[in-house]
Amino acid sequence: MKTIKNITFIHLLNDYSGSPLVLSNVIRGIQNYGYKCHLITSGNSEGFLSNLENVSYQFFNYRFRENKLWRLVLYFYTQLIIFCKVIFNRKPDSLIYINTLLPFGAALGGWLSGQKVIYHIHETSLKPLILKRFLKWIANLTSDYSIYVSEHLRKTEGLPDSEGATIHNALSDLFKNTAEQYKSKEAKHSQDFNVLMLCSLKKYKGVLEFVKLSEMLPEIRFKMVINSEQSAIDHFFKEIEIPPNLSIFSSQKNVHPFYQNAHLVLNLSHPEQWIETFGMTILEGMYYGLPCIAPPVGGPTEIVKNAINGYLIDQRNLDEIAGKIIELSEDKNLYQTFSNNALSRALEFNFKAKIEEINHILCAKI
């Protein structure tokens with residue numbers, strides 16, 4: 001078995017969403033084991049993968065396009081570029097580490113050039129279905145090992161010909177330490193009750209349901225952080241009246257102030273369209289002792305314990321969700337119990353332990 005010294009990480013779109021956050025944490029953690037890290041990602045956008053220390057970079061231009069045909073053309077052209085970069089930068093002791101199913105060009109490049117390929121799989125709700133089947137076929141063909149971010153994902157979308165394991169996401173020690181230093185949870189009850197949701201600018205992420213909840217509960221403060229530029233947000237909401245108790249923010253590099261001023265985190269993804277495979281914002285909130293209301297399917301069920309540190313409720317049951325928000329805002333003892341349980345649950349997702357699991361895979365399995 002040859003020793004892996006160089007790891008080439010590949011991620012398609014560098015932004016402030018969950019999957020690049022996970023990869024940035026993996027890169028920082030795995031460097032402590034002496035690996036040389038190289039990263040291929042989009043260079044025309046800022047995100048969690050920007051300016052990582054002791055990482056060499058190669059970039060390509062890629063961004064999301066509203067026009068589906070143009071988006072598809074750009075996507076496949078980008079895969080050709082990634083394929084060439086992986087082929088031409090081949091090293092005899094290197095590993096190709098692919099984040100999400102999307103960069104299939106890297107998988108083909110690594111496989112054809114004799115490099116080991118590992119997938120870190122985050123998603124299940126890829127559309128159109130033909131693209132999802134194609135990407136899974138490529139992954140099944142090329143992957144030497146697969147890491148899944150939840151047991152739900154491994155069971156429902158596991159690659160039959162690739163050995164794999166579930167390694168839940170975890171937050172870096174930096175995030176944990178920042179949260180631990182914030183000690184004013186007790187003072188929050190003197191403030192307005194604040195409900196927070198961080199998500200992409202997609203209807204299936206529950207954006208409109210969040211607006212509806214703010215209309216239903218005018219005495220509650222609502223804040224939504226959307227991973228998109230302000231111009232896109234303005235266009236999306238141009239014909240939607242925003243209630244005065246709702247504030248909407250564009251992409252944020254630093255989300256700590258939002259969690260520090262929140263009491264409750266929501267995830268309102270539509271299970272019939274988008275099944276959450278983990279839920280990083282849920283875990284982030286719990287590090288601040290914030291209970292969460294999330295869908296009753298997918299990865300969130302492996303973080304949220306119903307009626308213990310939050311609630312598992314379908315986003316179509318807005319009346320029930322509104323009732324739980326009111327209950328938590330009015331019952332301080334119940335809220336404090338949920339808050340304590342949320343923090344205890346978050347601490348079970350230990351960052352160092354997760355990185356050790358990944359390093360064990362690199363040393364023993366590949």
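Quick note: the coordinates plus some simple rules give every number you see, no bench work behind them. Since the model is a prediction, treat every value here as computed from it, not as a measurement. A quick note on method: Cβ atoms are made from the backbone with ideal geometry, for glycine too, and the neighbour counts reach across all protein chains shown.
Starting from the 7 Å offset along Cα-to-Cβ, what nm value, one decimal, do you get for the label separation of residue 73 and residue 174?
3.9 nm
Taking the range 214-366 as the region of interest, what is the percent of Cα-Cα pairs per 10 angstrom bin, listed from the shortest bin to the one with the maximum distance?
10, 34, 37, 14, 5, 1
Name the shape class, rounded, prolate or oblate, that the alpha-carbon gyration tensor gives for the range 166-272, where a ≥ b ≥ c are the square roots of its eigenvalues, rounded holds for a/c under 1.5, and otherwise prolate holds if a/b is larger than b/c and oblate otherwise.
Verdict is oblate for the range 166-272.
Along the positive direction of the dipole of the range 173-347 (beta-carbon charges: Lys, Arg +1; Asp, Glu -1; about the Cα centre), which of 200, 340, 294 reaches farthest?
Ranked along the dipole, the leading option is 340.
Could you state the per residue volume, in Å³, of the convex hull enclosing the Cα atoms of the range 74-230?
Enclosed volume per residue, from the Cα hull, is 182 Å³.
Give me the extension gain from residue 64 to residue 232: residue separation times 0.36 nm, minus the current Cα-Cα distance, reported in nm with one decimal.
Value of the extension gain: 59.3 nm.
Amide H to amide H under 5 Å from residue 228: which residues, 5+ apart in sequence or cross-chain, H placed 1.01 Å off N in plane?
Counting only residues 5 or more places away or on other chains, the set is 251.
Assuming 0.36 nm per residue, please report the length gained on full extension of the stretch residue 80 to residue 272 beyond their Cα-Cα distance.
In short, 65.8 nm is gained.
Could you calculate the FRET efficiency of residue 352 with residue 156 from 1/(1 + (r/R0)^6), where r is the beta carbon distance between them and R0 is 30 Å, rounded to 0.05?
0.60
Amide H of residue 264: which non-local residues (sequence gap of 5 or more, or other chain) have their own amide H closer than 5 Å, using H built in the peptide plane?
Sorted by chain and number, the residues that satisfy this are 194, 196.
Assuming 0.36 nm per residue, please report the length gained on full extension of the stretch residue 254 to residue 215 beyond their Cα-Cα distance.
Fully extending the segment from residue 254 to residue 215 adds 11.3 nm.
With respect to the cross-link table entries 5/116; 36/136; 5/155, which display a Cα-Cα separation exceeding 23 Å?
Over 23 Å Cα-Cα: 36/136; 5/155.
Quick one: if the Förster radius is 41 Å, what FRET efficiency do residue 140 and residue 332 give, using the C-beta to C-beta distance and rounding to 0.05?
The computed FRET efficiency comes out at 0.20.
Over the Cα atoms, compute the radius of gyration (one decimal) and Dmax (the largest Cα-Cα distance, rounded to a whole number) for the chain, in Å.
When restricted to Cα atoms, the chain yields Rg and Dmax of 20.6, 63 Å.
With unit charges on the beta carbons (Lys and Arg positive, Asp and Glu negative) and the dipole taken about the Cα centre of the range 214-366, which residue among 237, 277, 321 sits farthest to the positive side?
Positive-end residue among those listed: 277.
How much net charge surrounds residue 77 when only other residues with a Cβ under 14 Å from its Cβ are counted (Lys, Arg +1; Asp, Glu -1)?
Local charge sum for residue 77: +4.
Taking the number of other C-beta atoms within 10 Å as the exposure measure, put 38, 11 in order starting with the fewest.
Ranking 38, 11 by Cβ neighbours within 10 Å, fewest first, gives 38, 11.
Cα centroids of the range 221-238 and the range 17-61: how far apart, whole angstrom?
26 Å
How high is the FRET efficiency between residue 239 and residue 317 when r is their beta carbon distance and R₀ equals 25 Å, given to the nearest 0.05?
My answer for the efficiency is 0.45.
Which net charge results when you count Lys and Arg as +1 and Asp and Glu as -1 among the other residues whose beta-carbon is under 14 Å from that of residue 104?
+3
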